[in-house]
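See below for the structure under consideration.
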Amino acid sequence: MNNKFILESLASDLKRVSLGLHRGSNAMALRFLNEALKRKNEVDLEIVAPYIKQILARLNKNIDAENALMFSTLIQNYTLRKLQ
């Protein structure tokens, strides 16, 4: 599958995780977190920047709203600038 599409979807899922946690909708946040963790395993790590590898390594079940939003933004910016 296309790495750009996977990373864009991952960024979107993480943004939803952040919104869910911020609003107190833990069920929604958990659903999108599980999707994000699945997508994390689909990323071809051989062709992404080292800082994206670090972000993916830090992505786990214990994420908070602030980190989810930060990771989402960094991944989204990467897909817009580097994977055209």
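The values are calculated or read from the model by the stated rules, or taken from the named source; none is laboratory data. All of these numbers come straight from a predicted model, not from anything done at the bench. Using ideal geometry, Cβ is built from the backbone for each residue, glycine included, and neighbour counts are taken over all protein chains shown. Each accessible area value is taken on the protein alone, full model and side chains, heavy atoms only, with ligands, DNA and RNA left out. Shrake-Rupley method; radii C 1.70, N 1.55, O 1.52, S 1.80 Å.
Averaged over its residues, the chain has an accessible area of 62 Å² per residue, based on protein heavy atoms and a 1.4 Å probe.
Using θ = phi - 60° in the Karplus curve 6.51 cos²θ - 1.76 cosθ + 1.60, the 3J(HN,Hα) couplings for the range 9-16 round to 5, 4, 4, 5, 4, 5, 5, 5 Hz; x is entered for Gly and Pro. In this calculation the C-beta distance from LEU83 to HIS22 is compared with R0 = 35 Å, giving a FRET efficiency of 0.80.
The magnitude of the dipole of the chain, with charges of +1 and -1 set on the Cβ of Lys/Arg and Asp/Glu and taken from the Cα centre, is near 80 debye. Applied to the range 51-59, the Karplus parametrisation 6.51 cos²θ - 1.76 cosθ + 1.60 on θ = phi - 60° returns per-residue 3J(HN,Hα) values of 5, 6, 4, 5, 4, 5, 5, 7, 7 Hz, with x for Gly and Pro.
What the phi angles of the range 21-37 give under the Karplus curve with 6.51, -1.76 and 1.60, with θ = phi - 60°, is a coupling list of 5, 5, 7, x, 8, 5, 5, 5, 4, 5, 4, 6, 5, 4, 5, 4, 5 Hz, glycine and proline written as x. Within the accessible surface of the chain, defined with a 1.4 Å probe on protein heavy atoms only, the carbon and sulfur portion equals 51 percent. With a Cα-only, solvent-free Debye model of the range 25-82, what are the log10 I(q)/I(0) values at q = 0.14, 0.18, 0.19 Å⁻¹? Those come out to -0.38, -0.63, -0.70, one per q. Computed log10 I(q)/I(0) for the range 1-51 at 0.13, 0.20, 0.27 Å⁻¹: -0.32, -0.65, -0.93, from the Debye equation with unit scatterers placed on every C-alpha and solvent omitted.
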